[in-house]
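The values are calculated or read from the model by the stated rules, or taken from the named source; none is laboratory data. Nothing here was measured: the structure is a model prediction, and the numbers come from that model. A quick note on method: Cβ atoms are made from the backbone with ideal geometry, for glycine too, and the neighbour counts reach across all protein chains shown.
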Amino acid sequence: MNRLIIGAAGFVLSLTALSPVSAQTLDAVKKKGYLQCGVTTGLPGFSNPDDKGVWKGLDVDFCRALAAAIFDKPDAVRFTPLTAKDRFEALKSGEIDILSRNTTWSMSRDTQLGFNFIGVNYYDGQGFMVRKALNLASAKQLDGASICTQTGTTNELNAGDFFRQNNLKYEIKAFAGQEEALKTYEAGGCEAFTSDASQLYALRLKLVNAADHIVLPEVISKEPLGPLVRHGDDQWFDLAKWTLYAMINAEELGVNSGNVEEMAKTSTNPEVRRLLGAEGDFGTPIGLSKDWVVRIVKAVGNYGESFERNVGQGSLLKIARGQNDLWTRGGLQYGIPIR
C-alpha cells in the first residue's frame, strides 16, 4: 500500500508501507528457531559445501556468527544456495532472512532495490582469468576476445566499461549460472573469464588443470562485498551490522576464539570490557544478551581468524590480507566503536 505526503518544498513523496517480511525479522527468526541465509551455489572460500555437505566460507561464517549472537548456536542456520540472478528476489520475498553472498555494494542496489548493506566483509576488485597458453601479460591484450561472465552481476557492466575505455573490441557471453559460465570458458568457448578477483582464484581451483590458467594483473573496478538485509527493519539491520563490527573490533583488540572467555572475566581494558559485556549493556538495544560478542567470537573467531581460515594463508586460496587487513596495518577494515 502507498500513501502520499507533501514535502517541505511542496514535493509529493510516495511512501511504500512496510511489507510483512520487512518488519520484526528477529522475532520471526527466534520463533522458527533458525536463521535462513542466502549464499552462493558454491564458491570456495566464501560459501561452499564440503564433501560432507557442511557449508563453509567467509560469508558462511558471518551467518553462523549471527546465529551464535541470537541463539548461542552457530549451527542454528540454514543455507539457501542462490544464483546472482535469483539472490535479490529471494531476499525481497522473505525466502531468506539475510543475503551473505559476495554481493557488491553499489548506489543503485542500496537505493533502488529496497535493501541495506550492513558493511563490507571483503574488499575486492574485478579481474580476468585466461589460459597460460595465450601468453598474455595484460588484459589490454584481449582486443577482439570473447569474455565469459555471469548475468545479473556488476561484472558484465564493468567489463564493458574497461574495453570501451581502452578502445578494444570484445564480445560478452553472459550465463545465468556461474558454473555454466566457467564450464564454457574451460571448454574453450571464450578466451577469458571475468569476475571478482577473489572468485577467480577460488573458481580456478575447480578447473581440471588449474595450473594452466592465470589471473591477469589488472583490477578494473571497486567491488566492496558485503551482506544485506531488507529495508524497513532497523533492529535487524543494526543487529547484522554490529555482528560484523564485533568481529572486526575483536581482532583489533586482540580478542580471539581461544581467549575470549578468559578476557571477558579478567580484562581491565574498558574497550574489551564493553565489547564482551563485562561493562555496560550493548546487547539489549539490538535484542540480544550482554554476552552476544562472546558468543560470536567463541563460535567463529574474530574477523582475522575467519579470513585466514577461509581465504587466507590457512586456506587453499592463500589470498593476502591486503585491503582487507586492519586499518592499523594499512588495510581498510575499521571497527566502529562499541560504547
Q) For segment 20-135, which helices (runs of 4 or more DSSP H) that fit wholly inside it have 3 or more residues that are over 14 Å from Gly226 (Cβ atoms), out of contact with any Asp or Glu (no Cβ under 7 Å at 6 or more places or on another chain) and not hydrophobic (A, V, I, L, M, F, W, C)? A) 25-32, 87-93, 107-112
Q. With (1) touching an Asp or Glu at 6+ places or on another chain (Cβ under 6 Å); (2) closer than 21 Å to Ser108 by Cβ; (3) crowded, with 20+ Cβ neighbours inside 10 Å as the list, and Gln150 as the residue in question, which single condition is left unmet?
A. (1)
Q: Being surrounded by 13 or more Cβ atoms within 10 Å (Cβ to Cβ) and over 14 Å from Gln126 (Cβ atoms) is the filter here, so list the residues in segment 158-169 that pass it.
A: Asn166, Leu168
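The rows are residues; the columns are (1) within 23 Å of Phe71 (Cβ to Cβ); (2) of a type in the set (D, E, K, R); (3) surrounded by 17 or more Cβ atoms within 10 Å (Cβ to Cβ); (4) modelled with pLDDT of 95 or more.
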{"residue": "Gly10", "(1), (2), (3), (4)": "no, no, no, no"}
{"residue": "Leu13", "(1), (2), (3), (4)": "no, no, no, no"}
{"residue": "Thr16", "(1), (2), (3), (4)": "no, no, no, no"}
{"residue": "Ala23", "(1), (2), (3), (4)": "yes, no, no, no"}
{"residue": "Val29", "(1), (2), (3), (4)": "yes, no, yes, yes"}
{"residue": "Leu35", "(1), (2), (3), (4)": "yes, no, yes, yes"}
{"residue": "Val39", "(1), (2), (3), (4)": "yes, no, yes, yes"}
{"residue": "Gly42", "(1), (2), (3), (4)": "no, no, yes, no"}
{"residue": "Ser47", "(1), (2), (3), (4)": "yes, no, yes, yes"}
Q) Any idea which of (1) surrounded by fewer than 16 Cβ atoms within 10 Å (Cβ to Cβ); (2) assigned by TED's automatic domain parsing to the domain that holds Ile319 is the one Ser100 doesn't satisfy? A) (1)
Q: Could you check how many residues of segment 136-147 are part of a helix (DSSP H, G or I) and touching a residue at least 12 places away in the same chain (Cβ under 8 Å)?
A: 2
Q) Residues Ala246, Ala320: which one is at pLDDT 95 or above and among the small types (Gly, Ala, Ser)? A) Ala246
**Q.** Unique residue being of a type in the set (D, E, K, R) and free of Cβ contacts under 8 Å to residues at least 12 places away in the same chain when the list is Asp110, Asp124
**A.** Asp110
(Q) Step by step: first the residues of segment 300-339, then only those that are aliphatic (A, V, I, L, M) and surrounded by fewer than 20 Cβ atoms within 10 Å (Cβ to Cβ), then the one that is farthest from Pro44 (Cα to Cα). Which residue is that? (A) Ile338
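Let's see how each residue does on (1) within 30 Å of Ser93 (Cβ to Cβ); (2) in contact (Cβ under 8 Å) with a residue 40 or more places away in the chain:
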position: Leu205; (1), (2): no, yes
position: Pro217; (1), (2): no, yes
position: Trp242; (1), (2): yes, yes
position: Glu261; (1), (2): no, no
position: Lys265; (1), (2): no, no
position: Thr268; (1), (2): no, no
position: Gly280; (1), (2): no, yes
position: Val293; (1), (2): no, yes
position: Glu308; (1), (2): no, no
